[in-house]
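First the structure, in the form of structure tokens, and then the observations on it.
The values are calculated or read from the model by the stated rules, or taken from the named source; none is laboratory data. Given the structure is predicted, the values throughout are model-derived calculations rather than measurements. Every residue, glycine as well, gets a Cβ built from its backbone with ideal geometry; the counts of neighbours run over all protein chains shown. When the accessible area is computed, the model is the full protein with side chains, heavy atoms only, and any ligands, DNA or RNA have been set aside. Shrake-Rupley method; radii C 1.70, N 1.55, O 1.52, S 1.80 Å.
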Amino acid sequence: MGSITRRGLLIGGLGTAGAAGLGTYAATKGSGASAPKGAFGAPTPVSPDPGQTVVTKSLTAKPITLDLAGRTVSTWGYGDAVPGPLLRATAGDFLRVTLDNQLPDETTIHWHGIRLRNPADGVPGMTQDPVKPETSYVYEFTAPDPGTYFFHPHVGVQLDRGLYAPLIIDDPNEPGGYDAEWVLVLDDWIDGTGTTPEQVLEKLLANDSGSGGMGGMGGMDHGEMGGMNHGAMDEAEPWGDAGDVTYPHFLINGRPPADPETLRAKAGQKVRLRIINAASDTIFTVALGGHRMTITHSDGFPVEPTETDAFYIGMGERYDAIVTLGDGAFPLVAKPVGKAGGGQAMAVARTGSGAAPGGDASPRELTGRVLIGSDLRPAQAAKLPSRRPDATARLTLTGSMQPYAWGMNGAPFGKNEPLTVRAGQRLRINATNMTMMTHPVHVHGHTFALPSGLRKDTVLMAPMQSFAIDLDADNEGDWMIHCHNIYHAEGGMMIALEYIA
Ligand code: C2O
Ligand code: CU
């Protein structure tokens, strides 16, 4: 119960729970410059530049079932599988993606990490109207930067269903140097196991009343906190209290360890791993048994190649790594950080014969050198030109589990003042985490630089940690900054970044 005491600390001045939700954005927008909710209308068609390659894709968001090693669960996905279909283009291409919404709910698509034109960013009430059931919406944008990305809805807690898929933007000048590529999407899974993500959020918010009543929800942990994660704190270093929800399953590419995906290549080959954390409430430690990995990219941008046994990956982060494969069958494990319910995600890397590792395989690399992504150094090419900031802004993460109320700059989204910037400025955001939990802070439409110069769009902030993050205001519009724990975001931990004249 020690964790509950620590988690219950209320630091920062939140009075009431702030499930403001994204839909209220336009109605409360400070500058009054954008259209009121419901007034965005159909997207204005844009044309590719002459000579630009156009990549066209259709996605249907719909109810589907997912087979978790023999347990069939109902969920929502893109197409027929979880993750949805890989979307791939080359840097500079024009993407035209039609979303057909066959869900019983409104939805949107957010292209996570892409520095795209604001109207295609997928934030309802801020950049578009939500896409109603039985209607479709066309997203058109140029993807300027190569890298590993993903896409997901920006409505409520839909991300915690099966609505996510990888998005890879290839580098036309890719030096290559690898023989194979494996794309690995990590997830924490609860949907269809007796409760939906919406019900999880409802119960977390009800924690406000002090009743803590999560009992009776099938598929959730039935401990004292009734499904809310508490414990395993000591394993969670350096992240303190890392997550709120106890998940029955952890998946790699939609599959649990009892029915893992087999990744194939030849012994001696170099494989490029592209690892995406699409989980809603879980930081993972990733390791490949019997191997060291060389991290080459973080959130799409190149880093000084760094060898490690394992690394942490927060929700919304992506890392690319190069591995030279040994001969045999090896567990690729993503172990949740600080989750009381245990379990892990696993795939099998196979280059030769030999028995597949068991689902509970625990490679010793997991307890070797575990790299913290923000310690990486940027590759020269990824650095922002050196320049003094023209403006500064404050970003303070506040909130608590009890009541379940999260905010930025002392108030939940909808009640906090947007950050502002002028086009052309270098903005320094002084971010501080004043809570006892770790939060992955994500900025839309821009890739910021940490003091080391490391480029990120999502950065894990440990309890009481501060970062000065710099961004170049070169992409006009209204953008979100938020915690990529989807329950925290919906609990109020979001703020707007607005361009002003
Ligand atoms: Cu991946 Cu605003 O989110
Ligand atoms: Cu958070």
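Key figures
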read-out: Selected residue (criterion: surrounded by the most Cβ atoms within 10 Å (Cβ to Cβ)) from residues of segment 445-485 that are within 12 Å of ligand 1 (Cβ to nearest atom) and more than 24 Å from Ala143 (Cβ to Cβ); value: Cys483
read-out: Listing of strands (runs of 3 or more DSSP E) fully contained in segment 243-302 that carry 3 or more residues being under 30 Å from Gly399 (Cβ atoms); value: 249-252, 270-277, 284-288
read-out: Unique residue being more than 16 Å from ligand 1 (Cβ to nearest atom), open to solvent by less than 10 Å² (accessible area, probe 1.4 Å) and more than 19 Å from the chain's Cα centre (by Cα) when the list is Ala405, Ala411; value: Ala405
read-out: Inter-residue pairs, beta-carbon under 6 Å, first closer than 12 Å to Ala462 by Cβ and at pLDDT below 95 and in segment 423-442, second in a loop (DSSP other than H, G, I, E, B) and among the small types (Gly, Ala, Ser), 6+ apart; value: Met436/Gly240
read-out: Matching strands (runs of 3 or more DSSP E) fully within segment 390-481 where at least 2 residues are within 16 Å of ligand 2 (Cβ to nearest atom); value: 391-400, 405-408, 426-433, 439-443, 458-461, 466-472
read-out: Among residues of segment 486-501, those that are among the hydroxyl-bearing types (Ser, Thr, Tyr) and either within 12 Å of ligand 1 (Cβ to nearest atom) or under 22 Å from Ile114 (Cα atoms) (or both), counted; value: 1
